[in-house]
Amino acid sequence: MNKQHLHRVFDQAVVVGEPAVEAGKVRPAIKRHIAIVVHDFNDGGTEVIAFRLAGEWLREGRRVTIIAGSHDGRMHDRVPPGVKVEVLDPPIHRSFLSLLRLGQAMVPVLRKAAPDVLFIPGNFHFILARAIRRHLPHLPIVAKASNPLVPRLPGPLHRLAEVGVRQLLAPIDKLAFMSAELLAAERDVLAAARVPVVTTVIPEPNLPYGYFPLPRSGPQTPPLVLAIGRLEPQKNLALAIHAFAALVARQDARLMILGEGHERAALEALVRRLGLDGRVEMPGFVTNVGALLAQASLLLMTSRYEGFAAVLIEALAADVPVVSTNCSPSQKAVIASPLHGRVVDDATPAHLAEAMAEVLTLPFATNGVRAAGLCRHASGASATRYLALFDNTSR
């Protein structure tokens, strides 16, 4: 697939937004000023996507203000030029109870900024809506579900969690899910919690403005397996290392884990214990992910759960097949054929190793076949859908 065609695929997707206004009806008010609330500049997927959307909304002629609890984190350079940033003074740093104070503390800043709509970019920040709604009752609030609404819990705890969901979502006017599969999986929770929020589906903007994957020249020797994610329990990278150990017992390969987090020391100790020194690299947070994807023979995902894994789309767009745990209702819809990879239901090291061995026999490059159909994840397409949603939301 040539460069011109790839740009057409990823940058010029046809977008279907909210329904058109019927003749004779009043057009929705354009929300010219959008506020985004985040705790800080943590290098998480929620923040990456929020800042990416902010840049697209600027290109569409809207004003965007990011309101943060503190300057903590290393994502400041991801904030697009032209986006206004307001940080609380005094700051509120992340702690066990910090979110309980953050919403109330943001109210004076929001009141002064006077946005037309508030965007809450993920589940972690849902709790902010309660205090904001109490003090700013006429501000439209739109949120995105970035993870399952309720974790997998035993019966009584699950019902208690549903009550919590109702409290979290009640102040929100509209809730966007990242795929139809995610929304379908949550319908029972929403119904049981009797949440009045209006739901919709907007594909996640995983492919940034001007995205173009680097060409794949040929597989590495030995083949390179990539795992990308924070070194935290959710990503279950210990399972990735155990699965890789089972793979190299049958064939030569190397594993590179990209990301940083609290589990680094434990994962490094596991690599040594399994005798994988020299086969496993953990370079931390890197900026050349695209170049590494161009060299990778597969992406390995071992997450316990995901809302919608951005790295999954990034890998397939770069023509890299994926071996994944069944960590999201969307995994099997995205990994749509054997050419795209495998979703492993029984996520043991042995089964993951077997799937990796199979995927390593697939063609290294498919001339765009794996990337086909991903245009809905172009950032411009997603941003336009959100603007239509904002403009059709009022109090």
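The values are calculated or read from the model by the stated rules, or taken from the named source; none is laboratory data. Every value quoted in this text rests on a predicted model; they were computed, and no experiment measured them. With ideal geometry, Cβ positions are generated from the backbone for all residues, glycine too; neighbour counts draw on all protein chains shown.
Here is how the numbers come out for the structure above:
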| item | result |
| --- | --- |
| Qualifying residue in region 136-148 (condition: of a type in the set (A, V, I, L, M, F, W, C), under 19 Å from Leu312 (Cβ atoms) and in contact (Cβ under 8 Å) with a residue 40 or more places away in the chain) | yes |
| Close pairs from region 378-393: first farther than 16 Å from Ala35 by Cα, partner charged (D, E, K, R) and buried (at least 20 other Cβ atoms within 10 Å of the Cβ), Cβ under 6 Å, at least 6 apart | Ser379/Arg52; Ser379/Glu56; Gly380/Glu56 |
| Odd one out for Val48, checked against (1) surrounded by 21 or more Cβ atoms within 10 Å (Cβ to Cβ); (2) out of contact with any Asp or Glu (no Cβ under 7 Å at 6 or more places or on another chain); (3) within 28 Å of Ala161 (Cα to Cα); (4) β-branched (Val, Ile, Thr) | (1) |
| Residues that are farther than 18 Å from Met106 by Cβ, free of Cβ contacts under 8 Å to residues at least 60 places away in the same chain and assigned to a helix (DSSP H, G or I), drawn from region 23-76 | Leu58, His76 |
| Given (1) touching a Gly at 6+ places or on another chain (Cβ under 8 Å); (2) closer than 30 Å to Ala180 by Cβ, index of the condition Leu231 fails | (2) |
| Ala350 vs. criteria of a type in the set (A, V, I, L, M), modelled with pLDDT of 95 or more and farther than 17 Å from Phe212 by Cβ | yes |
| The listed residue being in a strand (DSSP E or B) and either within 25 Å of Gly44 (Cα to Cα) or aromatic (Phe, Trp, Tyr) (or both), out of Leu168, Leu175, Leu214 | Leu175 |
| Boolean, Val369 is buried (at least 21 other Cβ atoms within 10 Å of the Cβ) and of a type in the set (Val, Ile, Thr) | no |
| Any hit, region 195-213, residues being farther than 29 Å from Leu58 by Cβ, modelled with pLDDT under 95 and not charged (D, E, K, R) | yes |
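Residues are listed down the side, and each one gets a yes or a no for (1) free of Cβ contacts under 8 Å to residues at least 40 places away in the same chain; (2) out of contact with any Cys (no Cβ under 8 Å at 6 or more places or on another chain); (3) surrounded by fewer than 20 Cβ atoms within 10 Å (Cβ to Cβ):
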residue: Val201; (1), (2), (3): yes, yes, yes
residue: Pro213; (1), (2), (3): no, yes, no
residue: Ser217; (1), (2), (3): no, yes, yes
residue: Leu255; (1), (2), (3): no, yes, no
residue: Ala269; (1), (2), (3): yes, yes, yes
residue: Leu274; (1), (2), (3): yes, yes, yes
residue: Ala291; (1), (2), (3): no, yes, yes
